Amino acid sequence: MAKQVVGQAKFQIPGGKATPAPPVGTALGKYGINLGQFVQAFNDATREADGMMIPVVVTLYNDRTFEFVTKSPPAAVLLKKSAGIAKGSGVPNKTKVGTVTQAQLEEIATMKMNDLNARDVEHASRMIAGTARSMGLVVEG
């Protein structure tokens, strides 16, 4: 008999640092899967991310098994890391909190290319530049 999908859960957790506590436990516990097994598999798959927020989509089956797909970190997290800031501006049109170069934008765009709806790296870097401006970052170059 084929496996039947009983649910899908989406959440963000730090790479390599997942625990059975919320949000993992609350999202997956109701499906009866082994949380320790998921946490171990996720931490092994994202060990190199070292605490950076990683979006994950978990597909749950009726025989209490699961599959998960990790996405690239959110653009805002990557931009904060590149600019060396703790958080974006509360008033981005007036208060600027940092700068990013065009080279940094292209690097982030190539990293996120699989998750973006862009035809090439140039288009993707323009999308990332828009995110940067909405965070209060100045785009140089």
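For L137, indicate whether it is surrounded by 15 or more Cβ atoms within 10 Å (Cβ to Cβ), within 24 Å of T70 (Cα to Cα) and of a type outside the set (V, I, T). Here the answer is no, as L137 does not meet what is asked. If only residues of region 104-123 that are within 16 Å of the chain's Cα centre (by Cα) and either of a type in the set (A, V, I, L, M, F, W, C) or not in a helix (DSSP H, G or I) (or both) are counted, the one that is surrounded by the fewest Cβ atoms within 10 Å (Cβ to Cβ) is N117.
Entry remark, region 71-125: residues being touching a residue at least 24 places away in the same chain (Cβ under 8 Å), within 22 Å of I54 (Cα to Cα) and of a type in the set (S, T, Y) number 2 in total. When each of T26, T46, T65, T101 is tested for being among the hydroxyl-bearing types (S, T, Y), exposed (fewer than 15 other Cβ atoms within 10 Å of the Cβ) and touching a Gly at 6+ places or on another chain (Cβ under 6 Å), the lone residue that passes is T101. Looking at this structure, is V57 aliphatic (A, V, I, L, M) and not assigned by TED's automatic domain parsing to the domain that holds Q40? So V57 does not fit the description; no. Determine whether T70 is hydroxyl-bearing (S, T, Y), under 26 Å from F38 (Cα atoms), within 13 Å of the chain's Cα centre (by Cα) and surrounded by 14 or more Cβ atoms within 10 Å (Cβ to Cβ). Yes, satisfied. When every residue of region 1-24 is checked against the conditions, at least one turns out to be touching a residue at least 60 places away in the same chain (Cβ under 8 Å), within 24 Å of A109 (Cβ to Cβ), outside the structural domain of M135 (by TED's automatic domain parsing) and in contact with a Pro (Cβ under 6 Å, 6 or more places away or on another chain). Applying the criterion of being of a type in the set (D, E, K, R) and under 30 Å from Q102 (Cα atoms) to the residues of region 41-86, the residue that is modelled with the lowest pLDDT is D50.
Against the test of being within 27 Å of G141 (Cβ to Cβ) and either of a type in the set (S, T, Y) or surrounded by 15 or more Cβ atoms within 10 Å (Cβ to Cβ) (or both), the options I85, I13 yield a single qualifying residue, I85. Residues of region 37-78 that are under 30 Å from V138 (Cα atoms), among the charged types (D, E, K, R) and part of a loop (DSSP other than H, G, I, E, B): D50, K71.
Checked against (1) surrounded by fewer than 17 Cβ atoms within 10 Å (Cβ to Cβ); (2) over 19 Å from the mean Cα position of the chain (by Cα), A41 passes all but a single condition, namely (2).
The values are calculated or read from the model by the stated rules, or taken from the named source; none is laboratory data. Quick caveat, the model's predicted, so the values are computed rather than measured. As a convention, Cβ positions derive from the backbone with ideal geometry for all residues, glycine included, and neighbour counts pool all protein chains shown.
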